[in-house]
1. Name the chain A residue with the Cβ nearest the axis that maps A onto B: which is it, and what is the distance in angstrom?
2. About the Cα centre of the stretch A:95-191, what is the dipole size in debye to 20, counting +1 per Lys and Arg Cβ and -1 per Asp and Glu Cβ, all else neutral?
3. Which FRET efficiency value, to the nearest 0.05, is calculated for A:R174 and B:T39 with the Förster distance at 30 angstrom and r the Cβ-Cβ distance?
4. Restricting to the protein assembly as shown, compute how many DSSP beta bridges are antiparallel as a %, nearest 5.
5. At 7 angstrom along the Cα-to-beta-carbon line, where would the label on A:R122 sit relative to the other copies? Give the distances in nm, shortest first.
6. DSSP beta bridges in the stretch B:15-187, what fraction antiparallel, as a percent rounded to 5?
7. List the trypsin sites (Lys or Arg not before Pro) within the stretch B:67-172 that fall in a DSSP loop (any state other than H, G, I, E or B) and whose Cβ has at most 11 other Cβ atoms within 10 Å.
8. Averaging sequence separations of C-alpha pairs under 8 Å and six or more residues apart, then dividing by the length of chain A, give the relative contact order as a whole percent.
There are 2 protein chains.
Amino acid sequence: MNTPSDPAGPFAALIGCVFVGTSLDGFIARENGDFDWLTAAGDALGETGYDEFFASVDAMVLGRGTFDTVSTFPEWPYAGKRVFVLSRTLLRSHSSLSQPDTSIHATLGDVLEALIVEGRRRVYVDGGRTIQSFLHAGLIREITITRAPVLLGSGIPLFGPLSGDVHLRHVGTRELGAGFTQSSYEVLSDT
Amino acid sequence: MNTPSDPAGPFAALIGCVFVGTSLDGFIARENGDFDWLTAAGDALGETGYDEFFASVDAMVLGRGTFDTVSTFPEWPYAGKRVFVLSRTLLRSHSSLSQPDTSIHATLGDVLEALIVEGRRRVYVDGGRTIQSFLHAGLIREITITRAPVLLGSGIPLFGPLSGDVHLRHVGTRELGAGFTQSSYEVLSDT
């Protein structure tokens with residue numbers, strides 16, 4: 001199959017959405033995957049809009065790191081949602097996967113094909129490298145970033161290299177509790 | 001002299017202030033120093049608060065890269081302000097420096113000593129590595145970030161490695177024009 005470097009390609013119908021918490025210096029997790037600095041705020045954040053966002057998507061695409069992290073949670077946080085995991089290594093050890101409505105795909109192209117075959121349109125994309133892959137392929141259309149008032153100095157970055165500038169439309173910014181802020185953007189399709 | 005790793009050290013009187021524009025992915029300039037994506041917005045940004053901020057500081061500390069960039073401007077943008085340039089290489093070629101009220105210092109320690117000797121307290125710190133050096137030394141107290149609605153993918157990052165988490169107090173966030181947002185923070189001194 002074609003690699004989806006052309007946003008106007010066969011995957012143009014997909015609406016990749018990012019809804020993510022970061023430190024002020026742009027990390028979505030520490031090197032070891034922890035996001036204690038994010039969860040520590042707890043209810044003090046107030047209404048983040050996550051539930052409404054989560055209800056709005058047809059499916060999720062997770063990277064291996066995110067999958068491993070959420071798999072340690074006492075409860076599977078994506079109950080009732082179709083989940084695609086992007087991982088070469090998990091594919092070689094199927095037995096480690098026991099979540100409902102979840103499948104594993106080795107490459108971005110495989111995930112995209114599966115999304116199209118199943119008719120999924122609005123997709124919640126999570127995990128640093130996975131988000132970067134979708135962005136690079138021109139498949140992210142909406143980005144909501146909730147920023148914590150902390151600098152970590154190192155960790156897993158939200159953003160990475162791109163082949164050119166990506167212009168965004170600022171949809172809105174608001175203050176949450178505990179010093180958090182939340183900004184939403186639409187990716188402009190002419191970039 | 002001591003390296004200023006202890007924020008309660010002899011330089012505790014200094015109030016390092018950052019007032020900087022970044023891309024959404026945290027770059028203050030492209031690899032070559034350009035910040036066309038920032039200046040392109042021009043007057044559409046509206047009132048950024050820069051003039052008031054600039055009037056509030058006793059001195060500036062610039063890195064070599066920032067100094068080189070502003071030296072190409074048709075007009076010296078820091079007229080009337082005492083400027084300290086942090087650069088080992090410029091020190092070896094004094095003749096390249098012809099701005100008023102400007103001196104060059106090879107090390108962070110030298111700059112800090114000079115600031116103390118001259119009784120400067122509130123200092124505008126600019127340039128990626130210079131900001132990072134001051135942050136690392138615990139000498140940044142105020143940070144205002146104006147974010148452009150663009151992802152660059154690469155460039156000169158605002159933030160870098162730290163020896164531990166740096167906690168901030170969110171002072172306020174507002175929307176400017178052209179899709180820019182501006183957030184102000186105070187660095188909490190217990191970190």
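1. Spelled out, residue of A and its Cβ distance from the axis onto B: A:G26, 2.
2. Magnitude of the dipole: close to 220 debye.
3. Step by step, r from the Cβ atoms, then E = 0.65.
4. The antiparallel proportion sits near 45 percent.
5. Inter-copy label distances (nm, one decimal, shortest first): 4.7.
6. Of all bridge pairs located within the stretch B:15-187, approximately 40 percent are antiparallel.
7. Hits after loop and neighbour filter: B:R92.
8. Averaging sequence separation for qualifying contacts and normalising by length gives 34 percent for chain A.
Rule-based calculations on the coordinates, nothing more; no lab input. Predicted model only: the values in this text are computed from it and were never measured. For neighbour counting, all protein chains shown are included, and Cβ atoms are generated from backbone atoms with ideal geometry for every residue, glycine included.
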